[in-house]
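**Student:** Once you've had a glance at the structure underneath, I'll fire off some questions.
Read-outs: derived from the displayed coordinates by stated rules, not from any lab. For clarity, every value in this text was computed on a predicted model and none was experimentally measured. So basically every Cβ, Gly included, is an ideal-geometry build from the backbone, and we count neighbours across all protein chains shown.
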There are 2 protein chains.
Amino acid sequence: MLKMRKTIVIYGLALAVLTLLLNVLEYKFFIRDLSMEVYMGLIAIMFTIVGIWVATKIIRRKTETVIKEVPVLVQQSHFELNEKELQRLGISNREYDVLEQMSQGLSNQEIADKLYVSLNTVKTHASNLYIKLDVKRRTQAVQRAKELGLIP
Amino acid sequence: MLKMRKTIVIYGLALAVLTLLLNVLEYKFFIRDLSMEVYMGLIAIMFTIVGIWVATKIIRRKTETVIKEVPVLVQQSHFELNEKELQRLGISNREYDVLEQMSQGLSNQEIADKLYVSLNTVKTHASNLYIKLDVKRRTQAVQRAKELGLIP
DNA sequence: ATTCTCTTCATACTAAAGTATGATTTCCAG
DNA sequence: CTGGAAATCATACTTTAGTATGAAGAGAAT
């Protein structure tokens, strides 16, 4: 609002200066000889320019901010482990580790290497997992685990 | 640019109308009696308003577009098959059938029974799939296929 | 007509997965 | 301190998965 007042002051001054200028021109160069239409046209154009200038001064600060909401697909960033299900099914820590690696598509041997245990150990954990998840194969285990929110 | 031309036309018309109006006023109501300053002031104010109007018409198009990225969790509720990938990888119809059943956690034998083909046929399709998907195991194949949008 | 892909299937393997059982150690709770 | 769960591993075995190779019919494309 402070700037508004400033704009009005500037506008008033500009008007005064132009009026003076026109008066000076009027008496010094006999512009009165020109037809009224041309005279008015000049003033009109001048003040249209002034108007545009004023408008830009005012409106520049009132730029319409169009907030365009662009939907961004987020790949499952919100996974939260369903610990209740884990407990309910009685899945142990190590079994869960194996399940995780399984869901990454690793073979039993690769899981064994990653977890620093023997192949047989992984097989045992896997077998126990299948019983607890009530499935027969690892592909089903991964499917079921995802359904139950045990893995992302 | 089309809109610019339209604005100019409107402006020209407005100027003409106002000039005419002033001429009519001039001869009918003896406005000439008013001092030149007041007369000019009125014209100035009028055309300042016109200028502002023109300016708003022009400037309104300078809207600041703030692109706000809204994260949208897509729970893959509506799956749309990525046929381009299927073609790119050269996966045949039958191979895709096997892939689908595979992702359901079925064994090769179960898939064979479901598709009314022999176990060996399923194995062949599976093997070819692994080559095309560049994976080694069915678990990885399912994973990869999901990433590529081949299966839900 | 013949080349090519898809589909089917077989045989013969190798590799991996999965089951069953038992043993050992560690660690926690009753 | 002791019974039980958890974790580890082994041996032995069965079942599935996966590879390699070849073959043959069907249909589309050239």
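**Student:** Pop a pseudo-label 7 angstrom from the Cα along the beta-carbon direction at both A:Q104 and A:N82 and give the gap in nm to one decimal.
**Tutor:** 2.3
**Student:** Still on this model: Tally Lys/Arg at +1 and Asp/Glu at -1 over every other residue whose Cβ is under 12 Å from the Cβ of A:Q140; what's the total? Mind showing how you got there, number by number?
**Tutor:** Numbers: positive: A:K136, A:R137, A:R138, A:R144, A:K146, B:R138; negative: A:D134, A:E147, B:E110.
Within the 12 Å Cβ shell, the charges total +3.
**Student:** Hey, another quick one. Whole-Hz ³J(HN,Hα) for each residue in the stretch B:80-86, computed from phi via Karplus 6.51 cos²θ - 1.76 cosθ + 1.60 with θ = phi - 60°, x for glycine and proline: what do you get?
**Tutor:** Karplus-based 3J(HN,Hα) across the stretch B:80-86 equals 10, 5, 8, 5, 4, 5, 4 Hz.
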